[in-house]
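Asker: Sharing a structure here in structure tokens format.
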């Protein structure tokens, strides 16, 4: 599953290059997420090996416009007062549907990037409960929603 920071890198490098503006947006997103530097380095190294090493084309860094729009949405989501309740609701829903160890780990890894893994765990263990249920989740959670609510 692609995580938030991975998706940001994909958008920033979408044409084979990252612009200076794209790099600044990546930095801003990193700061707003509170992403641990060692985790960031791990993600960037894996991205470079899996994606960038295979690329032969080089663009002009035109992904920065899309990146800026996408990153602004993610930052709004990070500031939303609904984020924690939605994570708790989603993790509770996943348990009810039969949360596997693999999906538990996916949820923990995904939410760790933006310092919400404890919230995810609290929802799974129903230590911090919410009665709210959501039909639509914040866009930052959509990849996780798709992973946790599909049956495998």
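Asker: Do the sum for the chain: with -39,500 (n - 2.57) for every DSSP H run of n ≥ 4, divided by all residues, what is the mean residue ellipticity at 222 nm, to the nearest 500 deg cm²/dmol?
Answerer: So the calculated ellipticity at 222 nm is -18500 deg cm²/dmol.
Asker: May I pose another question? Over the stretch 4-78, what is the relative contact order in percent, taking alpha-carbon pairs closer than 8 angstrom and at least six residues apart?
Answerer: Averaging sequence separation for qualifying contacts and normalising by length gives 55 percent for the stretch 4-78.
Asker: In degrees, nearest 10, range 0 to 90: what is the angle between the Cα axis of helix 20-33 and the longest Cα principal axis of the chain?
Answerer: For helix 20-33, the angle is close to 20 degrees.
Asker: Also: Just need the relative contact order of the stretch 71-124 here, percent rounded to a whole number, with Cα pairs under 8 Å and 6+ apart.
Answerer: Relative contact order here is 46 percent.
Asker: With a cut-off of 8 Å between alpha carbons and a minimum separation of six or more residues, what is the relative contact order of the chain in percent?
Answerer: 31 percent
Asker: Treat the count of other C-beta atoms within 10 Å as a stand-in for reagent exposure and order 56, 62, 119 from fewest to most.
Answerer: Fewest-to-most ranking of 56, 62, 119: 56, 62, 119.
Asker: Still on this structure: Please rank 57, 133, 113, fewest neighbouring Cβ atoms within 10 Å first, as an exposure proxy.
Answerer: By the 10 Å Cβ count, ascending, the order reads 57, 133, 113.
Asker: Let me ask another. Please say if the stretch 83-149 is rounded, prolate or oblate, where rounded means a/c under 1.5 for a ≥ b ≥ c the square roots of the C-alpha gyration tensor eigenvalues, and otherwise the choice is prolate for a/b larger than b/c and oblate otherwise?
Answerer: Rounded, since a/c falls under 1.5.
Asker: Compute a Gaussian network model of the chain, connecting alpha carbons closer than 10 Å, and tell me which residue from 48, 12, 121 fluctuates the most.
Answerer: Taking springs between Cα atoms under 10 Å, the residue moving most is 48.
Asker: Something else: For Rg and Dmax of the Cα atoms in Å, which listed value, (1) 27.8, 104; (2) 16.3, 51; (3) 18.9, 63, comes from the coordinates shown?
Answerer: Comparing each candidate, only (2) matches the computed number.
Asker: By how many nm would the segment from residue 20 to residue 139 grow when fully extended, if each residue of separation counts as 0.36 nm and the alpha-carbon distance is taken off?
Answerer: 40.3 nm
Asker: Next question, about the same structure. Whole number please: convex hull volume per residue of the Cα set in the stretch 1-76, in Å³?
Answerer: Output value, Cα hull per residue: 82 Å³.
Each reported figure results from applying straightforward, stated rules to the coordinates on display, with no laboratory input. Because the structure is a prediction, the values reported are computed rather than measured. Note that we place each Cβ from the backbone using ideal geometry, even for glycine, and neighbour counts take in every protein chain shown.
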